[in-house]
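**Q** Could you have a look at this structure, given as structure tokens, before my questions?
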Amino acid sequence: MRLIARYAVELEEAYEVVTVWDEQTDRVRVPKSDPHIETLSRTHPAAIWFERKMHDDFGIIIDNAFDNRPLVHQERFPRGLHPMQKHFTQTAIEPAEYLPYKYEAIGGDGVFEVAVGPIHAGIIEPGHFQFSQAGEDMLHQEVRHFYKYRAVEKMLEGKTLQEAKAIIERISGNESVAYQTAWRDIVLQAAKSELPEANRKYHALLLELERIIHHLTDLGFIPNDAGFGAALAFCSKLSEEARRQMQCLTGHRFGFGAISFDEVQIDTEALRVYLDDLEKEMMFFEEWITDIPSLWDRFDTTGILAHHKALKYDTVGVVARASGVAQDRRDNDFYRTHGFVLHTEKSGDVAARFKQRLAEVKNAIVMMRALLTETTESVVLNEVHGGDYTAYAESSLGELFMNIIVKDGIIERFFVRDPSFMNWQALHLMMPGNIIADFPLINKSCDLSYAGNDL
Amino acid sequence: MIRFWNKRLKTGILTEAPDIDEELAALRKSLKDEVKKKFAGSLAIRMVDSGSCNACEAECNALSNPYYDLERLGIYFVASPRHADVMLLSGLMTFNMTPHVLDAYAQIPEPKWVVTLGDCPAMQAPFEKTFAVNAPATEHLPVAHHIPGCPPAPDAIIRGLLAFLKKI
Ligand code: SF4
């Protein structure tokens, strides 16, 4: 089974540990007086961050875990505080005495460590990477994140679903439409309302446009990290144009506020012309870029994530598909009728992730044509019912999982698992056998979200 | 390669393409003049994300695309705070990032300025105060100028930088 998420919910006398698999959901109650749960990390390494986070959030002790270090709470975080507990209501904390974090390190003669971050040399989100090096060769890398931790889960408790919207759509800016789509599905479930087909099509169209913008950005930045700047100039032009389409359609360059239950008129003719142009540009780009041997020399066999490891680490999205894992939340009737084709690559290297994005842009163009619709209908929502609601979306990065428990009309517990949360944990697998100079290239080929990961 | 050069000649220079309005062109001109006057032709910016949603960074990256091409105006994003004149700060100043932001600021040689980017550091984005959020940034740093927006679009960032340069 594939692990999707693992998190805790506070009840009166107990914590409920929820483990979401692709085939089932397990719920185990542990008493608050002595909260213990057995680790899953021995069979599912991706459980490690979920479990370390669960300890930071609620103080639940993970039995037989081999990694008990704090995850979200860093060197200066007050010890013994578990802020997701309901009785914790402070809106400010004082830094505690600095307690060094013990990084994973490989010892040995001549092996040294390189620390990178949290602030990186560029316009990038903050995070820390710790490398164990034998000369140029990377022996191991540890990814350490949560510098951007805003406590979004806590922030959303006590709000109505409508009030939460503006925050949810800003959890990870470049996946905003995906987050809004998941929110929409939860609202529809809670209000027991139906979404007209035209609205579903329009929202799916926006999600594909978001994917195009994101992939185009990467299709430029990946070659740029291999020293081929012309591709960045070309693709950043295309991604700017795609962003302007998003602005035209939704009134916002990132589509904030785009998924709503209101009626929308769409200029399908202009969009059709745009898609035709983009398709031509992509054809040119593919022919051009495929023809540059020195570039593929850097891409091929760099940063390989083997198929069996992609499965073992429960990876998702572009990263998983580039390693031959046929997994995509769009793999259903609605999307297939609108032109979706599940594409995978085999080699699991930078080249595969690059080609995966290329294929997904081309498919997104086909889908957007099929999803064109003149107008959506306004939907009047019924009253919100309490309950435990789950939704998924396939963001430009991969599978997004969202769960909201609604009680008396307000959010009792909000949990979201960004695709990056899974894939960050598999990043180190791509490093051994590569030189440190290739790290930026490998990292960019995955292009994961820090904000969505850290919450 | 021939295909590429054909394409390049046909595309021409986008930065001056007619769909960029005149106002933006004028803005760029005055920005260039201000940079020249006040920073001897080159303004070095160190961008620091203190807990953003990443859209503000995406718009800063867009400043380098052929439509905006910020470097033409003598404005550079630099890799080290020690090479910077200005810290451009986005995000909510999270509890976990605060010490690192202050550290980066300390590394910038005098004279130095902090410009905040986007609604987050001013606590004007929809996010609310939690124990993990230390924004507004003005409580921690001497903020010389603020560029509002959620996120500010690239032309708004250019405009904002101009306003900052006029102010100092
Ligand atoms: S100001 Fe808005 S766009 Fe910028 S980081 Fe904050 S939420 Fe994102």
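**Q** For the stretch B:126-140, check the following and say yes or no: at least one residue is facing chain A (nearest Cβ under 8 Å), outside any loop (DSSP other than H, G, I, E, B), open to solvent by less than 40 Å² (accessible area, probe 1.4 Å) and farther than 21 Å from A:Ser236 by Cβ.
**A** Yes: one or more hits.
**Q** Suppose we filter the stretch A:103-134 for residues that are among the hydroxyl-bearing types (Ser, Thr, Tyr) and either exposed (fewer than 13 other Cβ atoms within 10 Å of the Cβ) or in contact (Cβ under 8 Å) with a residue 40 or more places away in the chain (or both); how many remain?
**A** So the count comes out to 1.
**Q** Follow-up question, since we're still on this one. Could you give every pair whose Cβ atoms fall below 6 Å, whose first residue belongs to the stretch A:14-28 and is touching a residue at least 60 places away in the same chain (Cβ under 8 Å), and whose second residue is open to solvent by 20 Å² or more (accessible area, probe 1.4 Å) and assigned to a strand (DSSP E or B), counting only separations of at least 6 or pairs across chains?
**A** A:Val18/A:Arg27
**Q** If you don't mind, there's one more thing I want to ask. Which pairs have Cβ atoms under 8 Å, sit 6 or more apart or on different chains, and link a residue in the stretch A:372-390 that is farther than 15 Å from A:Gly409 by Cβ to one that is of a type in the set (Lys, Arg)?
**A** Here the result reads A:Leu372/A:Lys201; A:Leu372/A:Arg272; A:Thr373/A:Lys201, each pair linking the stretch A:372-390 to a residue that is of a type in the set (Lys, Arg).
**Q** Next question. Is there a residue being open to solvent by less than 30 Å² (accessible area, probe 1.4 Å), touching a Phe, Trp or Tyr at 6+ places or on another chain (Cβ under 8 Å) and of a type in the set (A, V, I, L, M, F, W, C) anywhere in the stretch A:294-302?
**A** For the stretch A:294-302, residues open to solvent by less than 30 Å² (accessible area, probe 1.4 Å), touching a Phe, Trp or Tyr at 6+ places or on another chain (Cβ under 8 Å) and of a type in the set (A, V, I, L, M, F, W, C): present.
**Q** Further question on the same structure: Suppose we filter the stretch B:147-164 for residues that are within 13 Å of the ligand (Cβ to nearest atom) and in contact with a His (Cβ under 8 Å, 6 or more places away or on another chain); how many remain?
**A** 1
**Q** Give the stretch A:371-399 a look and list any residue that's assigned to a strand (DSSP E or B), open to solvent by 20 Å² or more (accessible area, probe 1.4 Å) and of a type in the set (D, E, K, R), or say none.
**A** Selection gives A:Asp388 alone.
**Q** Something else: If you go through the stretch B:99-107 one residue at a time, do you hit one that is within 12 Å of the ligand (Cβ to nearest atom), closer than 30 Å to A:Met84 by Cα and at pLDDT 95 or above?
**A** no
**Q** Next up: When the stretch A:302-350 is examined, which residues are found to be out of contact with any Leu (no Cβ under 7 Å at 6 or more places or on another chain), closer than 30 Å to A:Arg369 by Cβ and among the charged types (D, E, K, R)?
**A** Those that are out of contact with any Leu (no Cβ under 7 Å at 6 or more places or on another chain), closer than 30 Å to A:Arg369 by Cβ and among the charged types (D, E, K, R): A:Arg321, A:Arg329, A:Arg330, A:Asp333, A:Arg336, A:Glu345, A:Lys346.
**Q** Hey, can you tell me all the residues within the stretch A:139-155 that are more than 9 Å from every other protein chain (Cβ to nearest Cβ) and buried (at least 23 other Cβ atoms within 10 Å of the Cβ)?
**A** Listed by number, the residues that qualify are A:Gln141, A:His145.
**Q** Another one. Only one of these conditions is not met by A:Gln90: (1) modelled with pLDDT of 90 or more; (2) surrounded by fewer than 12 Cβ atoms within 10 Å (Cβ to Cβ); (3) more than 14 Å from chain B (Cβ to nearest Cβ). Which number is it?
**A** Status for A:Gln90: all satisfied but (3).
**Q** Right, here's the next one. Out of A:Met84, A:Met54, report the one residue that is part of a helix (DSSP H, G or I) and crowded, with 19+ Cβ neighbours inside 10 Å.
**A** None of the other options fit; the residue is A:Met54.
**Q** List every residue pair whose Cβ atoms lie under 9 Å apart, where the two residues are 6 or more positions apart in sequence or sit on different chains, the first residue falls within the stretch B:58-69 and is within 12 Å of the ligand (Cβ to nearest atom), and the second residue, located anywhere, is open to solvent by less than 10 Å² (accessible area, probe 1.4 Å) and assigned to a loop (DSSP other than H, G, I, E, B).
**A** B:Ala58/A:Phe254; B:Glu59/A:Phe254; B:Glu59/B:Gly118; B:Glu59/B:Pro152
**Q** While we're looking at this one, here's another question. Mind checking which residues of the stretch A:161-187 are of a type in the set (A, V, I, L, M, F, W, C) and within 9 Å of chain B (Cβ to nearest Cβ)?
**A** Once the filter is applied, which keeps residues that are of a type in the set (A, V, I, L, M, F, W, C) and within 9 Å of chain B (Cβ to nearest Cβ), the stretch A:161-187 yields A:Ala166, A:Ile167, A:Ile171.
**Q** Residues in the stretch A:438-455 that are within 14 Å of another protein chain (Cβ to nearest Cβ) and either surrounded by fewer than 24 Cβ atoms within 10 Å (Cβ to Cβ) or polar (S, T, N, Q) (or both): how many?
**A** Final tally of qualifying residues: 5.
Condition check ((1) within 15 Å of the chain's Cα centre (by Cα); (2) β-branched (Val, Ile, Thr); (3) within 11 Å of chain A (Cβ to nearest Cβ); (4) within 30 Å of A:Pro95 (Cα to Cα)) across all residues:
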| residue | (1), (2), (3), (4) |
| --- | --- |
| B:Cys56 | yes, no, yes, yes |
| B:Val101 | no, yes, yes, yes |
| B:Glu110 | no, no, no, yes |
| B:Gly118 | yes, no, yes, yes |
| B:Met123 | no, no, no, yes |
| B:Gly149 | yes, no, yes, no |
| B:Ile158 | yes, yes, no, no |
| B:Leu165 | yes, no, no, no |
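**Q** Still on this model: Can A:Ala164 be described as outside any loop (DSSP other than H, G, I, E, B), in contact with a Leu (Cβ under 7 Å, 6 or more places away or on another chain) and either open to solvent by 70 Å² or more (accessible area, probe 1.4 Å) or not assigned by TED's automatic domain parsing to the domain that holds A:Phe50 (or both)?
**A** Against the criterion (outside any loop (DSSP other than H, G, I, E, B), in contact with a Leu (Cβ under 7 Å, 6 or more places away or on another chain) and either open to solvent by 70 Å² or more (accessible area, probe 1.4 Å) or not assigned by TED's automatic domain parsing to the domain that holds A:Phe50 (or both)), A:Ala164 qualifies.
**Q** From the set of residues in the stretch A:60-75 that are at the interface with chain B (Cβ under 9 Å from one of its Cβ atoms) and out of contact with any helix residue (DSSP H, G or I) (no Cβ under 7 Å at 6 or more places or on another chain), which is surrounded by the fewest Cβ atoms within 10 Å (Cβ to Cβ)?
**A** A:Glu75
**Q** Scan the stretch A:129-143 and tell me whether some residue there is of a type in the set (Gly, Ala, Ser), modelled with pLDDT under 90 and in contact with a Lys or Arg (Cβ under 6 Å, 6 or more places away or on another chain).
**A** no
**Q** For the stretch B:38-54, what are the residues that are within 10 Å of the chain's Cα centre (by Cα) and facing chain A (nearest Cβ under 7 Å)?
**A** If the condition is that a residue be within 10 Å of the chain's Cα centre (by Cα) and facing chain A (nearest Cβ under 7 Å), then B:Met47, B:Val48 are the ones that fit.
The values are calculated or read from the model by the stated rules, or taken from the named source; none is laboratory data. Since the structure is predicted, the reported quantities are computational estimates derived from the model, not experimental observations. With ideal geometry, Cβ positions are generated from the backbone for all residues, glycine too; neighbour counts draw on all protein chains shown. In case anyone asks, the SASA skips ligands and DNA or RNA and just uses the protein heavy atoms, side chains included. Shrake-Rupley method; radii C 1.70, N 1.55, O 1.52, S 1.80 Å.
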